[in-house]
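Read through the structure below, which is laid out as structure tokens, and then see the notes.
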Amino acid sequence: MMVLFTDYDRTITDKDLELCGKVIDKIMKLRTTGNLKFIVASGRTLEFLQNKLSNFVDGLVAENG
């Protein structure tokens, strides 16, 4: 099993800070095989991250939440 930790801003988002569909699609494909846990760590609030990512992640780390 693999675990992928990533930041939010400009890592899984585009320059306008919108989720990058291509990145999310690839991560979701890996997750469906059961071989990947996906965790986002960010300085954003927990509420913000839950609203944006709750359907995509296995865990969240929020500095401001």
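Okay, here's what the table says:
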quantity: Residues located in segment 13-27, provided they are hydrophobic (A, V, I, L, M, F, W, C) and either open to solvent by 60 Å² or more (accessible area, probe 1.4 Å) or touching an Asp or Glu at 6+ places or on another chain (Cβ under 8 Å) (or both); calculated: Leu17, Cys20
quantity: Tabulated pairs, segment 28-39, first within 10 Å of Leu4 (Cα to Cα) and among the β-branched types (Val, Ile, Thr), second modelled with pLDDT of 85 or more and open to solvent by 80 Å² or more (accessible area, probe 1.4 Å), C-beta under 6 angstrom, 6+ apart or interchain; calculated: Ile39/Phe5
quantity: Subset of segment 30-65 [on the phi < 0 side of the Ramachandran plot, surrounded by fewer than 14 Cβ atoms within 10 Å (Cβ to Cβ) and modelled with pLDDT under 90]; calculated: Thr32, Thr33, Asn35, Ser54, Asn55, Glu63, Asn64
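The values are calculated or read from the model by the stated rules, or taken from the named source; none is laboratory data. None of these values were measured; they are calculated from a predicted model. Heads up, the Cβs are rebuilt from the backbone with ideal geometry, glycines too, and the neighbour counts pull from every protein chain shown. Quick note on the areas: whole protein, heavy atoms, side chains included, nothing else; ligands and nucleic acids left out. Shrake-Rupley method; radii C 1.70, N 1.55, O 1.52, S 1.80 Å.
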